[in-house]
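Written below as structure tokens is the structure these notes are about.
The values are calculated or read from the model by the stated rules, or taken from the named source; none is laboratory data. Quantities reported herein were computed from a predicted structural model and do not represent experimental measurements. Positions of Cβ are backbone-derived with ideal geometry, glycine not excepted, and every protein chain shown enters the neighbour counts. Ligands, DNA and RNA are stripped out before the accessible areas are found, and what is left, the full protein with its side chains, is counted by its heavy atoms. Shrake-Rupley method; radii C 1.70, N 1.55, O 1.52, S 1.80 Å.
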Amino acid sequence: CSSDLLLLSHEFSQGRYQLFTTDGLEFVVAHRTVEVFEVPHHSVFSNSGISMHVGHGWAVGELSVNSNRWSGGSDTQVVVTPSYVWRLARRTELLVGVPIGLTSSAGRIGAVVKFTFELGGPGE
């Protein structure tokens, strides 16, 4: 697969709120032989949301849409994910989220846990 992305974000109220979006296209450039009904298709996606500074981290609400219908596929997945990102230390975060599928081709409900530790960076 190959992806082309557009990333946009803007902070409001001196960094207390942030609107963001990641939009793009994913192109299938090669795939292994599969059944006819499983052939991968190109897709378009958009992940947009808002984050708000709350306590020691950020409350985040995100809406994700991914569709391959424009290239002959049959799936449109729509998922809303409320989450919280704890700032554990200067370069360390823990995210806990609950993706909830809103369409039949998306998973009903799930869980996401992500630990981030940044190494190096500007001025280091």
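Things worth noting here:
- Other residues with beta-carbon under 11 Å from the beta-carbon of N47 carry, at +1 per Lys or Arg and -1 per Asp or Glu, a net charge of -2.
- Extension gain, L119 to T103, is 1.9 nm, computed as 0.36 nm per intervening residue step minus the present C-alpha separation.
- The H on the amide N of A106, modeled in the peptide plane, is under 5 Å from the matching H of V78, each at least 5 residues off or on a different chain.
- Heavy-atom SASA rank of R69, R90, R16, R108 (probe 1.4 Å, accessible area, largest first): R108, R90, R69, R16
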